[in-house]
Each structure stands twice: as structure tokens, then as C-alpha cells.
1. Residues with amide H under 5 Å of LEU240's amide H, sequence separation 5 or more or different chain, H placed in the peptide plane at 1.01 Å from N; which?
2. Based on the Cβ-Cβ distance from GLU110 to LEU160, what FRET efficiency comes out when R0 is 56 Å, to the nearest 0.05?
3. Mind listing the long-range amide H neighbours of CYS19? Cut-off is under 5 Å, sequence gap 5 or more, other chains count too, H placed in the peptide plane at 1.01 Å from N.
4. Can you tell which of LEU69, LEU138, LEU50 lies farthest toward the positive end of the dipole of the chain, using +1 and -1 charges on the Cβ of basic and acidic side chains (Lys, Arg; Asp, Glu)?
5. Mind ordering 139-150, 286-297, 115-126 by average Cβ neighbours within 10 Å, highest first?
6. Which whole-angstrom value gives the distance between the alpha carbon centres of region 228-244 and region 41-65?
7. When the Karplus curve 6.51 cos²θ - 1.76 cosθ + 1.60 is applied with θ = phi - 60°, which whole-Hz ³J(HN,Hα) does each residue of region 268-277 get, with x for Gly and Pro?
8. Tabulate in residue order the Karplus-calculated ³J(HN,Hα) for region 149-163, using 6.51 cos²θ - 1.76 cosθ + 1.60 with θ = phi - 60°, rounded to whole Hz; enter x for Gly and Pro.
Amino acid sequence: MYSDREIEILNLIQERQPCSSKEIHEGITAPVSYATVKRILSKLYGENFLYTEGKGKGTRYFISPSYELLREIDIDDYFSKEIDERKIKDRFNIRLLPEVLSKTSIFTNEESARLTSLQQEFQQNISQADESEYKRDLERLAIDLSWKSSQIEGNTYSLLETERLLKEKETASGKTKEEAIMLLNHKEALDFIILHPDYLTPLSVSKIEDIHSLLIKDLHINRNIRKRRVGITGTNYRPLDNEFQITEALSMMCDLINAKENIFEKALLILVLLSYIQPFTDGNKRTARIVSNAILINSKYCPLSFRTVDSIDYKKAMLVFYEQNNIFCFKNIFINQFEFAVKTYF
């Protein structure tokens with residue numbers, strides 16, 4: 001959590017920008033040393049909440065366009081308000097991709113260091129494992145991901161039932177045929193990207209459609225870009241409803257992710273943006289999770305199973321992104337699940 005002093009400084013800059021450090025020091029109400037103000041400014045700058053113009057005594061501070069995207073949100077407090085009480089961005093923000101995300105480093109220096117350290121641990125672990133051990137670990141992760149990704153979408157198979165289905169093709173009693181198909185499709189899509197790790201590099205609309213087609217096979221879901229309006233349960237946010245605008249947004253998303261150098265940013269952005277655009281009538285989040293893992297696997301990064309994510313927490317974090325274009329809550333899920341995967345599977 002950010003301190004009251006840090007929040008006051010951010011609010012002051014937002015109100016009076018541009019501000020010098022001296023003006024900020026003189027403008028805050030609580031007694032605090034100038035050195036402390038400078039330290040807080042340095043921290044907020046390092047976390048991409050501020051940008052500066054000028055040098056030395058001429059340095060002026062501004063609120064970064066990234067602030068809205070990255071600022072901390074208390075998810076429990078946010079959802080203490082009912083759906084119609086929340087002040088939200090209820091339409092697709094066309095400026096988000098070219099004007100904010102293209103110019104923003106999603107992870108702080110501290111977060112980047114944590115992720116890099118975990119990736120190094122993953123590389124060290126797999127370098128000591130033989131090929132059969134690695135394949136066994138990857139198979140276990142694939143089963144967990146198929147289960148959790150399906151559970152997030154309402155599938156009622158347990159993890160043990162999922163394992164029996166995927167390994168022995170044994171369906172669970174009392175479950176629908178569609179639930180089994182959903183799980184089997186997940187495994188087929190994962191097997192495909194493991195066999196063809198570079199298929200989604202570079203990312204393109206047509207290749208995303210191919211992954212979606214694998215995931216919705218035999219589920220009576222329309223393929224390709226949707227041609228009608230969709231609503232999302234639990235929010236008043238309404239995605240684009242024009243097929244050509246949807247295709248354009250997807251193309252912009254692909255260009256953005258292809259231009260990013262940081263693999264973690266690529267993997268996180270596809271998770272939230274593909275869901276935000278909602279290009280398909282169904283299966284958007286499932287497709288996003290598979291494509292995100294394809295990006296990680298192709299770069300020899302540890303893939304994610306999301307096994308310990310609470311389905312409600314996942315959906316709430318996504319709703320915050322839809323309604324506020326804020327990635328804070330979902331970024332925490334991503335980082336925690338990356339750590340879980342490194343520590344658990346490899």
C-alpha cells in the first residue's frame with residue numbers, strides 16, 4: 001500500500017503540474033524534510049507514476065499517463081460498490097494501446113528484478129533435468145492449466161477428474177459432454193504450442209483465430225471475429241461491437257505486443273488485452289491464457305498454470321481492467337502465478 005504522504009504528493013502534482021520538487025515540498029501539508037520528498041519522488045518516478053522535463057533545478061514533475069494504468073487499487077474496496085454505483089470507463093478505450101501501453105513499462109524495477117530472478121531459477125532447474133523429467137513436469141503443468149482455465153469458465157470437473165480424462169480419456173460421471181470437450185480442447189491447444197512453440201511469433205490476428213478454433217472445437221461456439229454485440233456478466237463495460245473495429249483493435253494489439261521487448265510484458269498484455277477486446281463470442285479468456293503461455297514457451301520462459309488462482313479473484317482483476325484500464329490487480333496475479341509455477345513444476 002502507498003503511504004498517505006505518497007498519495008498526497010501524487011494528488012498535488014496531478015492538481016498543479018508541472019511542479020518542481022521545491023513546490024511539491026512547500027505544497028504538502030504534513031511536516032516532512034525536503035530530502036524525504038526527493039526520495040518519494042524518486043520512488044514514484046521509478047514506478048512509472050511520474051515523468052520529468054528539464055534537468056537539475058529546472059526539473060519539473062508530471063503525472064505519467066501510466067499512473068491510471070499502474071496505480072494501486074484495493075480490490076475489496078472497489079467491489080464494495082454495486083455494479084451501477086461504480087464510476088467506470090464503459091466503452092473500449094481506443095487511446096489505451098497507442099498512447100499509454102506503447103509508452104509504458106508495466107513492471108517496476110523491483111518487480112522486474114523478482115521476475116528475472118525467478119526465470120533464472122527456472123533456467124537453472126531445467127538445465128539440471130533430463131528431457132524426460134522436463135516433459136513430465138510440462139505435462140503436469142498442462143493438466144493443471146487445462147483444469148484451472150476451464151474452471152474459471154465454469155467447468156465443474158475436479159483436478160483429479162481432469163487428470164483421468166486427459167490421461168486415460170475417462171469421463172467423470174454427472175458431468176456434461178461439453179465440459180469434457182472443453183478440457184480436451186485445452187490439452188490439444190497446449191500440445192500444439194509445445195510442438196510448434198514459434199507458431200505465434202510474431203503474433204497475428206489469423207494465428208490467434210487458429211488457437212481459438214482449437215479451443216472451441218465441437219462446443220457450438222462461432223469461429224472467427226464476432227459480428228454482433230456481447231455483454232459481460234458483472235460489469236457495465238461494453239466492448240466494441242463492429243467487426244471491422246474489433247479486427248483493427250486486434251491488429252493494434254498484435255503490433256503493440258510484437259514491438260515489446262520484455263517477454264513478461266508480452267505475456268501479461270495478451271492476457272488482459274485479448275479479454276478486453278473480446279473479439280470472439282466466447283472463449284476469449286481461454287484463448288488469452290493459451291496465447292500468453294505460447295509467448296513464454298517460445299522464449300524458453302516458465303509457463304503458467306494459474307492453479308492457485310481463485311476464479312472470482314481472477315474475474316474481479318479482469319473487471320478492474322475493463323472498467324478502469326488498471327492493470328495493478330491482474331499484474332499481481334501474474335507475478336504470483338509465475339513464482340508458483342517456477343517453485344512447483346520445475
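What follows draws every value from the coordinates through simple rules; no lab data is involved. This is a predicted model, so every value here is computed, not measured. In this analysis, Cβ positions are derived from the backbone assuming ideal geometry, glycine residues included, and neighbour counts consider all displayed protein chains.
1. Excluding prolines and chain starts, which carry no amide H, the hits are PHE92.
2. Working: r = 38 Å, r/R0 = 0.68.
After rounding to 0.05, the efficiency reads 0.90.
3. When sequence neighbours closer than 5 places are left aside, the close amide H contacts are TYR61.
4. LEU50
5. Numbers: 139-150: 22.6, 286-297: 25.2, 115-126: 15.9.
Result, highest mean Cβ count within 10 Å first: 286-297, 139-150, 115-126.
6. When both Cα centres are located, 37 Å separates them.
7. Per residue, the Karplus-derived 3J(HN,Hα) values read 5, 5, 5, 4, 8, 6, 5, 5, 5, 6 Hz.
8. For region 149-163, the Karplus curve yields 4, 6, 4, 4, 8, x, 5, 9, 4, 7, 5, 5, 5, 5, 4 Hz.
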